[in-house]
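The values are calculated or read from the model by the stated rules, or taken from the named source; none is laboratory data. Please read all numbers here as calculations on a predicted model, not as lab measurements. Counting neighbours? That spans all protein chains shown, and the Cβs are built from the backbone with ideal geometry, glycine included. When the accessible area is computed, the model is the full protein with side chains, heavy atoms only, and any ligands, DNA or RNA have been set aside. Shrake-Rupley method; radii C 1.70, N 1.55, O 1.52, S 1.80 Å.
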Amino acid sequence: YPGISVSIGEGNDVRGAEEILRRGEADVGFTYLPVNDAFDAWELFRDDYVALLPKDKAPESEGPLTWDELTALPLILPLPDDGCRYNVDQYLLRHDRAIAPAYEVKEDSTVVSMVRRGLGATIIAQLAAEPIPEDVVVRTLPEPLQRVIGVITLADALQTPPVFAFLDTLKETWKQKSAII
């Protein structure tokens with residue numbers, strides 16, 4: 001559809017896409033699922049959370065980290081209003097783990113850089129950490145954690161033909177990409 005142009009904007013927090021759609025500033029949003037009934041949504045993909053540790057301070061054991069191994073280093077996390085941070089905080093609560101971060105940082109790239117420098121470890125969505133440097137060790141968490149990324153539109157909104165074309169193209173393209181993976 002060469003006549004259709006697409007603008008991409010970023011929200012600052014976990015529910016930014018929902019607010020932008022409610023205000024009529026966008027027709028389609030990408031966000032964490034689930035969302036409330038005001039939106040139609042479909043899952044695009046799932047992203048595993050992992051622990052990143054400095055290579056020289058990572059445990060030599062194989063498999064998932066133990067809780068003791070995870071808490072042996074200072075924890076570097078995103079700021080409290082970040083969607084990944086919310087997921088990590090909920091994960092820790094579910095597993096009765098009170099782990100206060102030693103550092104709170106806005107940018108994922110800064111978190112990864114701090115891990116590289118040996119300042120601590122982090123729990124981060126794998127795609128947010130990519131590309132993962134060679135001197136950083138990736139380990140699975142003691143218990144699995146994922147974020148579900150989805151596409152949303154306002155449930156009662158009348159969509160224009162270009163929006164339908166975009167959604168159809170996205171679904172078809174993603175279906176083909178998923179088949180390759």
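Looking at region 129-159, which of the residues that are under 19 Å from residue 92 (Cα atoms) and not β-branched (Val, Ile, Thr) is nearest to the chain's Cα centre (by Cα)? Here the answer is 147. With 1, 86 as the choices, which residue is at pLDDT below 90, open to solvent by 70 Å² or more (accessible area, probe 1.4 Å) and assigned to a helix (DSSP H, G or I)? 86 is the lone residue from the list that is at pLDDT below 90, open to solvent by 70 Å² or more (accessible area, probe 1.4 Å) and assigned to a helix (DSSP H, G or I).
Screening residue 45 against (1) among the hydrophobic types (A, V, I, L, M, F, W, C); (2) open to solvent by 20 Å² or more (accessible area, probe 1.4 Å); (3) not in a strand (DSSP E or B) leaves a single unmet condition, (3).
Criterion first (in a loop (DSSP other than H, G, I, E, B) and not aromatic (Phe, Trp, Tyr)) does residue 131 satisfy it? So residue 131 passes the test. Quick one: is residue 168 farther than 21 Å from residue 46 by Cα, out of contact with any Ser or Thr (no Cβ under 9 Å at 6 or more places or on another chain) and at pLDDT below 95? Criteria not met by residue 168. For region 114-140, a tally of residues being surrounded by 19 or more Cβ atoms within 10 Å (Cβ to Cβ) and among the hydroxyl-bearing types (Ser, Thr, Tyr) returns 1. A search for C-beta distances below 8 Å between a residue of region 111-137 that is in contact (Cβ under 8 Å) with a residue 12 or more places away in the chain and any residue that is of a type in the set (Phe, Trp, Tyr), counting only pairs 6+ apart in sequence or on different chains, returns 114/103; 119/103; 120/103; 123/49; 123/91; 124/49; 125/49; 126/49.
Here the condition is being open to solvent by less than 60 Å² (accessible area, probe 1.4 Å) and touching a Lys or Arg at 6+ places or on another chain (Cβ under 7 Å); of 75, 53, 70, it holds for 53 alone.
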